[in-house]
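Colleague: Below are the structure tokens for one structure; questions will follow.
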Amino acid sequence: MPSDSIQQAIIMGNVASISADVNQLLSEGVNSQKILDEQLLPGMAIVGERFKRNEMFLPQVLMSAQVMQTAIDILKPHLSGNPEARHRETVIIGTVKGDMHDIGKNLVRIMLIGAGFEVIDLGVNVPAQRFLDESLKHQAAIVCLSALLSSTMNNMREVVQAFRNHADLKDTKILIGGAPVSREFSQNIGADGYAPTAPAAIEQVQHFCGQ
């Protein structure tokens with residue numbers, strides 16, 4: 001059955017089969033939100049748990065994420081016009097100005113999508129003003145900042161201060177992460193949270209959303 005193979009395709013990172021399986025379910029009249037909720041999200045949740053327990057490793061998770069993204073791209077047009085589609089919180093994510101590293105950020109983005117969030121990825125070397133502009137544009141409730149270089153950590157502080165000084169964005173939840181970052185630094189710059197790993201980031205975002 002396609003419904004069973006969709007979840008397995010996510011777990012096994014099987015890009016080859018996912019398009020045909022999702023399209024077959026849609027052609028059979030299966031609701032797009034049901035495909036997302038009952039097959040894609042549970043499959044990615046298993047991947048996240050296995051990664052957390054060191055039973056899956058980064059290359060495998062990235063393959064699972066590629067499968068997930070392929071399926072999401074197919075479902076998006078159907079979800080947008082689906083009266084049963086539930087609201088998905090929007091999360092802005094990016095690596096701060098001066099830093100070109102993106103592996104950790106990409107992993108968090110993938111796992112956020114897998115957890116059912118709408119994710120706007122701003123990429124790397126992102127200035128504070130762009131975080132502000134995109135948060136306003138997409139009405140994002142949460143912003144995730146990444147940095148791998150100790151020399152760019154203070155650019156996280158600049159982003160946090162910009163949000164706190166903006167009348168419409170001062171209550172936006174800001175989560176930070178990256179190798180040189182610590183919980184103490186997070187508290188020091190006024191961020192709302194710190195995540196040492198990608199699974200921890202997803203748990204923190206879910207906590208922000210009351211999940």
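Quick note: the coordinates plus some simple rules give every number you see, no bench work behind them. Bear in mind the structure is a predicted one, so any value in this text is a computation, not a measurement. As a convention, Cβ positions derive from the backbone with ideal geometry for all residues, glycine included, and neighbour counts pool all protein chains shown.
Colleague: Tell me the label-point distance for the pair D171, E118, using the 7 Å Cα-to-Cβ offset, in nm and rounded to one decimal.
Modeller: For D171 paired with E118, the spin-label model returns 1.9 nm.
Colleague: Over every pair of different alpha-carbon atoms in the chain, take the mean of 1/r and invert it; report that Kirkwood radius in Å. List each step's numbers first, then the result.
Modeller: Numbers: mean 1/r = 0.0566 Å⁻¹.
Evaluated on the chain, it is 17.7 Å.
Colleague: What are the ³J(HN,Hα) couplings of segment 37-46, residue after residue, when phi is run through the Karplus curve with 6.51, -1.76, 1.60 and θ = phi - 60°? Round to Hz, x for glycine and proline.
Modeller: 6, 9, 10, 5, 5, x, x, 6, 5, 5
Colleague: Quick one: Kirkwood hydrodynamic radius for segment 90-208, alpha-carbon pairs, angstrom, one decimal?
Modeller: Its Kirkwood hydrodynamic radius stands at 13.6 Å.
Colleague: A follow-up question, please. Given the options L122, Q161, L132, identify the residue whose Cα lies farthest towards the positive end of the charge dipole of the chain (+1 on Cβ of Lys, Arg; -1 on Cβ of Asp, Glu).
Modeller: Going by the charge dipole, the pick is Q161.
Colleague: Return the single residue from A71, A140, A20 with maximal mean-square fluctuation; model: Gaussian network over the chain, springs between Cα atoms under 10 Å.
Modeller: The residue that fluctuates most here is A20.
Colleague: Report, in deg cm²/dmol and to the nearest 500, the calculated mean residue ellipticity at 222 nm for the chain, where each DSSP H run with n ≥ 4 adds -39500 (n - 2.57) and the sum is divided by the residue count. Please report the intermediate quantities before stating the final value.
Modeller: Numbers: 10 runs with 116 residues, N = 211.
The per-residue figure over the chain is -17000 deg cm²/dmol.
Colleague: Specify the residue with the greatest mean-square fluctuation among Q187, Q33, Q161, computed from a Gaussian network of the chain linking alpha-carbon atoms under 10 Å apart.
Modeller: In the Gaussian network model the winner is Q187.
Colleague: To make sure I understand the rule: partners must be aspartates and glutamates, Cα under 18 Å from the Cα of K76, and not fewer than 8 residues away in the same chain. Which ones qualify?
Modeller: Counting by Cα, and skipping residues close in sequence, K76 has these aspartates and glutamates nearby: D21, E28, D37, E38, E84, E89, E118, D121.
Colleague: With the cut-off at 1.5 for a/c, could you classify segment 2-80 from its C-alpha gyration tensor as rounded, prolate or oblate?
Modeller: Here segment 2-80 falls in the prolate category.
Colleague: Find how many whole Å separate the alpha carbon centroid of segment 9-33 from the alpha carbon centroid of segment 138-211.
Modeller: If we compute the Cα centre of each part, the gap is 34 Å.
Colleague: Rounding to the nearest 20 debye, state how big the charge dipole of the chain is about its Cα centre with +1 on each Lys and Arg Cβ and -1 on each Asp and Glu Cβ.
Modeller: For the chain, the charge dipole is close to 460 debye.
Colleague: For the chain, set up a Gaussian network in which alpha carbons nearer than 10 Å are linked by springs, and say which option among M111, M56, M44 fluctuates the most.
Modeller: Result for the chain, Cα springs under 10 Å: M56 fluctuates most.
Colleague: Give me the number: length gained by fully extending S27 to A162, i.e. 0.36 nm times residue separation minus the C-alpha to C-alpha distance, one decimal in nm.
Modeller: Working it through step by step, the gained length comes to 43.9 nm.
Colleague: How much FRET efficiency would the formula 1/(1 + (r/R0)^6) give for S182 and D73, where r is the Cβ-Cβ distance and R0 is 45 Å, rounded to 0.05?
Modeller: For S182 and D73, the calculated efficiency is 0.80.
Colleague: So if a site counts as exposed when it's one of the GluC sites (Glu not before Pro), its DSSP state isn't H, G, I, E or B, and it has at most 16 other Cβ atoms within 10 Å, what's the longest stretch of the chain without one?
Modeller: Details: sites that count: E28, E55, E84.
Free of exposed loop sites, the longest segment is 85-211.
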